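Some notes on the structure that comes next.
The values are calculated or read from the model by the stated rules, or taken from the named source; none is laboratory data. Source: prediction; values computed, not measured. So basically every Cβ, Gly included, is an ideal-geometry build from the backbone, and we count neighbours across all protein chains shown. For the accessible areas, the whole protein counts, side chains as well, though only heavy atoms, and no ligand, DNA or RNA atoms are used. Shrake-Rupley method; radii C 1.70, N 1.55, O 1.52, S 1.80 Å.
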Amino acid sequence: MPDIDPFTAAWVLWIAAFIVIEGRALKRGQPGDTLSEHVWTWFGVKRGWAWKRAALAAFMAWLSVHFVFGWMTL
């Protein structure tokens, strides 16, 4: 068996945990369980915190470009 980089293993575990947590939240169907609902709360999406929404939008735009093109690292 090949050696697995510890960071690769950690990211795989993180993704697996996300799938389990989000899956249970979706199956449960209660308001406020999913990651997106938590992000909306944290960033005041439904309360009109314009600067928080702008910060979230800028981060998501950067992350999307970073994933697609592989540059613009921090």
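All other residues whose Cβ lies under 13 angstrom from that of A25 are scored, Lys and Arg at +1 and Asp and Glu at -1, for a net of 0.
The fraction of accessible area contributed by carbon and sulfur in the chain is 72 percent, rounded to a whole number (1.4 Å probe; ligands and nucleic acids excluded). Each of W42, W71, A61 was scored by the projection of its Cα onto the charge dipole of the chain, and the greatest displacement toward the positive side belongs to W42; charges sit on the C-beta of Lys, Arg, Asp and Glu. With bins 5 Å wide beginning at 0, the percent of Cα pairs of the chain falling in each bin runs 3, 13, 13, 15, 21, 19, 9, 4, 2, 1, 0.
Protein heavy-atom accessible surface, 1.4 Å probe, per residue over the chain: 87 Å². Estimated from helical segments only, the mean residue ellipticity of the chain at 222 nm is -23000 deg cm²/dmol, where each DSSP H run of four or more residues counts as -39500 (n - 2.57). Across the chain, C-alpha contacts under 8 Å between residues 6 or more apart give a mean separation that, scaled by the residue count, equals a relative contact order of 11 percent.
Quick check: net charge around H38, other residues with Cβ under 13 Å of its Cβ, Lys/Arg +1 and Asp/Glu -1? Charge balance near H38 sits at -2. About the centre of its Cα atoms, the chain shows a dipole size close to 520 debye [charges on the beta carbon of Lys, Arg (+1) and Asp, Glu (-1) only; nearest 20 debye]. Counted residue by residue at 0.36 nm each, then reduced by the alpha carbon distance between them, the extension gain from K52 to I19 reaches 9.2 nm. Shown in residue order for region 58-63 are the 3J(HN,Hα) couplings computed by the Karplus curve 6.51 cos²θ - 1.76 cosθ + 1.60 at θ = phi - 60°: 5, 5, 5, 5, 4, 4 Hz (x for Gly and Pro).
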